[in-house]
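The values are calculated or read from the model by the stated rules, or taken from the named source; none is laboratory data. What you see is a predicted model; the values in this text were computed from it and never measured. Cβ sites come from the backbone with ideal geometry, for glycine too, and all protein chains shown count toward neighbours.
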2 protein chains.
Amino acid sequence: MTTTKGITLVAEPGKYDLTMIREFDAPRELVFKAHVDATWLARWLSPGDYDMRIDKFDARSGGAYRYIHIGPEGEEYAFHGTFHEVSDPVRIIQTFEFEGLPETGHVCLDSISFEILANNRTRVTTHSVFQSVDDRDGMIQSGMERGVNDGYEKLDELLERELAKSPV
Amino acid sequence: MTTTKGITLVAEPGKYDLTMIREFDAPRELVFKAHVDATWLARWLSPGDYDMRIDKFDARSGGAYRYIHIGPEGEEYAFHGTFHEVSDPVRIIQTFEFEGLPETGHVCLDSISFEILANNRTRVTTHSVFQSVDDRDGMIQSGMERGVNDGYEKLDELLERELAKSPV
């Protein structure tokens, strides 16, 4: 089956939020697991040739997380937040903050939904709301879409390998 | 000293956020403590003649909370969220969800700042960002401002009693 990969990004001018939609060739349980299992997450959630180190990852409602992307030259980019809701296998609501900004306290609220599609496929929709239009536009301009796309391509590979081990 | 009590509410039409500003006749450390000490919080954070029961309250960065307002007829209204950041005594960033809505997952992100004013007074600014304009407007129409104002009047009394015990 050939499917169109790539993120659909919706960000209307002047608004506080953005939406990213991406489909995966794997059943929802697997795609959800890849978001809440720290070992799996570390295998895909980083841009390009960046490594990922997980400092803390307590993926349950009321839990918290922190992880670091490590670039080829050893440069580190850390992120942290809390899990407001983890509803297996349909939704995650979390806060998210990049620690490398000039000042702390710029936080966004992500709601990630996992939807069953035909043929054992899954649609992941991430709705992010920021504290200002500037915060949102800054995130977009930082190269977010490319970084997320890189990660999702690794996730495609991870899912393919896991499906090969135990086909649906 | 006579000061103007009452909340300044800023909510521009069509936006995702709102800001509430309120000043208190007490030093910042006390006002902050009233927001992070569960025993103190239970004494003021409820509207009118509602009681408050705290189910969980772990006021540290990465912690979570849940509390219930209990009305005169025993009716219960529960709220929960996570503490993304607790920076004593300057800022709290938290998620917030009312459990009584027809569907779950309508969450807002609050950033509460505590600012020193002259004469041992404190300004509390709460910036809340919602997942949609409808969510924000629904919160405003629910009587939020009156409920918050009721709570703040109880907080005035609590601070006055505490200051009488150990004056600045």
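For region B:64-102, the set of residues classified as closer than 19 Å to A:Arg91 by Cβ and within 11 Å of chain A (Cβ to nearest Cβ) consists of B:Ala64, B:Arg66, B:His80, B:Gly81, B:Thr82, B:His84, B:Thr95, B:Phe96, B:Glu97, listed by residue number.
When region B:39-64 is filtered for residues that are buried (at least 17 other Cβ atoms within 10 Å of the Cβ) and in contact with a Pro (Cβ under 8 Å, 6 or more places away or on another chain), only B:Tyr50 remains. When B:Ala11, B:Ala26 are screened for being touching a residue at least 12 places away in the same chain (Cβ under 8 Å) and closer than 23 Å to B:Val86 by Cα, only B:Ala26 passes. Output the residues belonging to region A:30-63 that are among the hydrophobic types (A, V, I, L, M, F, W, C), assigned to a strand (DSSP E or B) and within 14 Å of another protein chain (Cβ to nearest Cβ). Scanning region A:30-63 gives a single hit, A:Phe57. For region A:69-90, a residue qualifies if it is among the charged types (D, E, K, R) and under 19 Å from B:Val107 (Cβ atoms), and the qualifying residues are A:Glu85, A:Asp88. Restricting attention to region A:116-139 and to residues that are surrounded by 14 or more Cβ atoms within 10 Å (Cβ to Cβ) and among the charged types (D, E, K, R), the residue that is farthest from A:Leu18 (Cα to Cα) turns out to be A:Arg121. Inside region A:103-138, residues that are more than 14 Å from chain B (Cβ to nearest Cβ) and of a type in the set (A, V, I, L, M, F, W, C) make up a count of 4.
Suppose we keep only residues that are among the β-branched types (Val, Ile, Thr) and within 14 Å of chain A (Cβ to nearest Cβ) within region B:1-29. Which one would you say is nearest to B:Asp156 (Cα to Cα)? In this case the residue turns out to be B:Thr19.
The set of residues from region A:140-165 being within 14 Å of the chain's Cα centre (by Cα) and either surrounded by 13 or more Cβ atoms within 10 Å (Cβ to Cβ) or at pLDDT 95 or above (or both) comprises A:Met144, A:Glu145, A:Gly147, A:Val148, A:Asn149, A:Asp150, A:Gly151, A:Tyr152, A:Glu153, A:Lys154, A:Leu155, A:Asp156.
Regarding region A:152-163, can at least one residue be identified that is in contact with a Lys or Arg (Cβ under 8 Å, 6 or more places away or on another chain), within 20 Å of A:Leu41 (Cβ to Cβ) and not in a helix (DSSP H, G or I)? No, the conditions are met nowhere in region A:152-163. Has region B:65-82 got any residue that is polar (S, T, N, Q) and surrounded by fewer than 18 Cβ atoms within 10 Å (Cβ to Cβ)? No, because not a single residue in region B:65-82 is polar (S, T, N, Q) and surrounded by fewer than 18 Cβ atoms within 10 Å (Cβ to Cβ). Restricting B:Ser132, B:Ser111, B:Ser128 to residues that are within 12 Å of the chain's Cα centre (by Cα), touching a residue at least 60 places away in the same chain (Cβ under 8 Å) and under 19 Å from A:Val129 (Cβ atoms) narrows the list to B:Ser128. A single entry from A:Glu85, A:Glu103 fulfils the requirement of being of a type in the set (Asp, Glu) and part of a strand (DSSP E or B): A:Glu85. Taking region B:13-32 as the range and being under 15 Å from B:Asp134 (Cβ atoms) and not basic (Lys, Arg) as the test, the residues that pass are B:Pro13, B:Gly14, B:Tyr16, B:Asp17, B:Leu18.
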